[in-house]
Amino acid sequence: MQKMVIINHDKCTGCRQCELVCSVKHTGASNPSRSRISVVKWEGEGFYLPMLCQQCQEPACMAVCPKDAISRDEKLGRVVVDYDLCIGCEMCVAACPFGGMGIDTVEKKVIKCNLCDGKPICVRFCKSEALEYADASIVNLKKKRVAAEKFSDLMRKFV
């Protein structure tokens, strides 16, 4: 069973607690710019969107890596970077359509969510419960339901 972090942007308050706990866990420093999750804010609209690696089935980051430094860990269903092979070309950062890859400017290396070895700290500390660690099939079911509702709403306009 593959699990992933599900984001419910309607619940996100933009507090950025997820960024802080992620950076502390992975770097020992409270520095959101070194976090594996990033909250994109549209203050005027009151809209906040946490962004992180979607652990894609066919990752663009893996496809473009010239050194095969990115691979899938089948046990946890996550995409991981092998820093012994990574040359820091940052092609993976440019290729990710979800903004899930970043750059740690202090350590000069690419970074991405590794699901905290199956216990994502961002989920645990999200007070608004905007983040959930759940079975990927639930995510797909929710996406299908939302798409069906949007299609149904659209069809009502034409009837």
- Item | Inter-probe distance in nm under a simple model that places probes 7 Å from Cα toward Cβ, at S128 and K67 | 3.8 nm
- Message: Where in the chain is the longest stretch that carries no GluC sites (Glu not before Pro) classed as loop by DSSP and with at most 15 other Cβ atoms within 10 Å?
- Response: 1-73
- Descending semi-axes in whole angstrom, ellipsoid equivalent of region 12-55, from the Cα gyration tensor: 20, 12, 7
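From the cross-link list K25/K127; K41/K67; K3/K108; K75/K108; K25/K75; K75/K127, which pairs have alpha carbons spaced over 26 Å apart?
K41/K67; K3/K108; K75/K108; K75/K127
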- Query: At K109 and D10, where each label point lies 7 Å from the Cα along Cα→Cβ, what is the point-to-point distance in nanometres?
  - Reply: 4.0 nm
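Every read-out reported here was derived from the displayed coordinates using simple, explicitly stated rules and does not represent laboratory data. On a predicted model such as this, the values are computed, not experimentally measured, just so you know. For neighbour counting, all protein chains shown are included, and Cβ atoms are generated from backbone atoms with ideal geometry for every residue, glycine included.
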